[in-house]
């Protein structure tokens with residue numbers, strides 16, 4: 001009976017997390033923690049914009065607590081809001097920043113913006129990072145992938161499930177929509193037993209960006 005209870009508990013946690021992510025996706029939820037306390041379930045939502053979530057999503061928070069209580073036939077959980085410790089390791093915050101800069105400086109600056117964002121992420125202590133930008137960037141639709149030199153990016157296994165944070169953002173411009181995907185490997189997880197291909201990659205028009213090109217691109221000022 002004990003393993004069955006554990007499985008049901010984990011399944012309920014996953015259902016609750018998926019529900020909360022969908023309900024509060026507009027506020028850039030980067031992490032959800034669910035704990036059981038003597039007083040019931042406690043939920044912690046981490047976001048780079050806690051003030052906005054509290055002020056604009058106050059009623060939605062009450063609804064979420066009530067609906068989760070009804071879903072699992074228990075007392076409504078206590079939901080707390082916390083700010084993300086380091087926005088540079090939060091893919092939601094990074095994706096928002098990239099979208100803002102592309103809308104401000106133009107889609108033609110996507111390479112410089114992506115390279116600088118990767119530098120900031122790695123300097124913040126990340127073990128790896130990857131940025132994908134796709135959509136109507138130039139004259140026609142294209143897809144590009146950026147990865148810094150020395151970055152590690154696990155694609156399968158437990159490390160990917162627990163050590164990798166991901167976020168997606170859609171930016172709608174006059175010329176069309178641009179999709180932004182940010183993946184960050186948090187530095188608290190060991191990936192020493194896995195081999196990765198390093199080197200910055202730029203996939204799109206059949207071109208690979210070298211490390212020297214990265215240095216040249218990041219030398220241009222957008223501000």
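Bear in mind that the values in this text are calculations on the coordinates, not laboratory data. What you see is a predicted model; the values in this text were computed from it and never measured. Neighbour counts run over all protein chains shown; Cβ positions are idealised from the backbone, glycine included.
Figures for the structure shown
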quantity: Calculated FRET value between residue 149 and residue 175, using beta carbons and R₀ = 35 Å, to 0.05; calculated: 0.65
quantity: Alpha-carbon Debye profile of the stretch 2-83, log10 I(q)/I(0) at 0.23 Å⁻¹; calculated: -1.14
quantity: Spin-label pair residue 109/residue 21, simplified geometry with 7 Å Cα→Cβ offset, distance in nm; calculated: 3.2
quantity: Two-site label geometry, residue 59 and residue 141: point separation in nm, points 7 Å out along Cα→Cβ; calculated: 3.7
quantity: Principal semi-axes in Å for the stretch 29-153 [√(5λ), Cα gyration tensor, largest first]; calculated: 36, 17, 13
quantity: Nearest-0.05 FRET efficiency for residue 42 and residue 85, computed from C-beta distance (R0 30 Å); calculated: 0.95
quantity: Length released on extending from residue 78 to residue 66, taking residue separation times 0.36 nm less the Cα-Cα span; calculated: 3.3 nm
